[in-house]
1. Of the numbered conditions (1) crowded, with 19+ Cβ neighbours inside 10 Å; (2) within 23 Å of A101 (Cβ to Cβ); (3) at pLDDT below 95; (4) not charged (D, E, K, R), V154 satisfies every one except a single condition; which is it?
2. Filter the range 135-151 down to the residues that are under 16 Å from the mean Cα position of the chain (by Cα) and either small (G, A, S) or open to solvent by less than 50 Å² (accessible area, probe 1.4 Å) (or both) and list them by number.
3. Look at V69 and say whether it is open to solvent by less than 50 Å² (accessible area, probe 1.4 Å) and at pLDDT 95 or above.
4. Write out, first by first residue and then by second, each pair whose Cβ atoms fall under 6 Å of each other, whose residues are 6+ apart or on separate chains, and whose first residue, in the range 30-47, is under 15 Å from E133 (Cβ atoms) while the second is among the hydroxyl-bearing types (S, T, Y) and at pLDDT 95 or above.
5. Please go through the range 65-118 and pick out each residue that is on the phi > 0 side of the Ramachandran plot and either in contact (Cβ under 8 Å) with a residue 40 or more places away in the chain or not polar (S, T, N, Q) (or both).
6. Does the range 71-86 contain any residue that is touching a Lys or Arg at 6+ places or on another chain (Cβ under 7 Å) and under 19 Å from T28 (Cβ atoms)?
7. Counting only residues that are of a type in the set (S, T, Y) and part of a helix (DSSP H, G or I), which one in the range 94-116 is surrounded by the fewest Cβ atoms within 10 Å (Cβ to Cβ)?
8. State all residues of the range 30-47 that are surrounded by fewer than 18 Cβ atoms within 10 Å (Cβ to Cβ) and small (G, A, S); if no residue qualifies, say none.
Amino acid sequence: MNQPRDRLIKQLTADLPSVSVVRAGTATTALWLGFSTVLVALLTLAVQPFRPGFEEQLLEVPRFALETVIGVIAIALTGTAGLKSAIPGSNAPGLTRWAVAATALWLSSYVAGLYIPTLESTMVGKRPHCALETLLYSAPALVVGIWIAGRRYVLNWPRTAVTIAVTAGGIPAFLMQLACMYGARHILLTHFAPVLLVATLGLFIGLILQHRSNHP
């Protein structure tokens, strides 16, 4: 990281109010997440309907509903952390820790499901190419998120890009929980594993953008 540049930014922004910047960043994040979620949902529906009966499962199985709520929170926190990390002085590191904790909790709920299933594992709703769908559907959110971050002043592109990529992959992974068959092993291997590939792509993009930022 460019230490002289960081010090200069802190000196220039030390006495400036950050309320308007934070509000603008929050609104942009909400629009990005909302647009991405709706787009992925429409793409998912275009291929195949959502799993029959998932609405009743949300209402009748508290643990399934809790997993869903945790997923929403994890994606919201991760997406917010990703875009706010592109705003110097936005305290993104603290938010990132909360995002990591929420994502770990979300993932651990499926690991626990390997031993104590949340729902009975069936083939109902099975999508033959759900892993590929998760990868492909993450692309729009990743591209738009990187573009939004690039319009700000990113100090650590690898961290920002990876966080954005995890969010982009997390959205289709989350919706597959409702659209595809439910089974902890299936979810971990075909819905969550592709997110690791998206995160790796994000890291690669971040490294390239960081190099360009340091060597204009």
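The values are calculated or read from the model by the stated rules, or taken from the named source; none is laboratory data. If you're wondering where the values come from, they're calculated on a predicted model, not measured in any experiment. Here Cβ is always computed from backbone atoms with ideal geometry, including for glycine, and neighbour counts include all displayed protein chains. Keep in mind that these areas ignore ligands, DNA and RNA; they rest on the heavy atoms of the full protein, side chains included. Shrake-Rupley method; radii C 1.70, N 1.55, O 1.52, S 1.80 Å.
1. All conditions are met except number (2).
2. Our first condition is that a residue be under 16 Å from the mean Cα position of the chain (by Cα); within the range 135-151, this holds for 135-149.
Across the range 135-151, the qualifying residues are Y137, S138, A139, P140, A141, L142, V144, G145, I146, I148, A149.
3. Working: open to solvent by less than 50 Å² (accessible area, probe 1.4 Å): no; at pLDDT 95 or above: yes.
The answer is no for V69.
4. Here the result reads V40/Y137; L43/Y137, each pair linking the range 30-47 to a residue that is among the hydroxyl-bearing types (S, T, Y) and at pLDDT 95 or above.
5. Going through the range 65-118, the residues on the phi > 0 side of the Ramachandran plot turn out to be 89, 91.
Within the range 65-118, just G89 meets the criteria.
6. Yes, the range 71-86 contains at least one residue that is touching a Lys or Arg at 6+ places or on another chain (Cβ under 7 Å) and under 19 Å from T28 (Cβ atoms).
7. Looking at residues that are of a type in the set (S, T, Y) and part of a helix (DSSP H, G or I), I get S108.
8. Passing the criteria: A30, G34, A41, A46.
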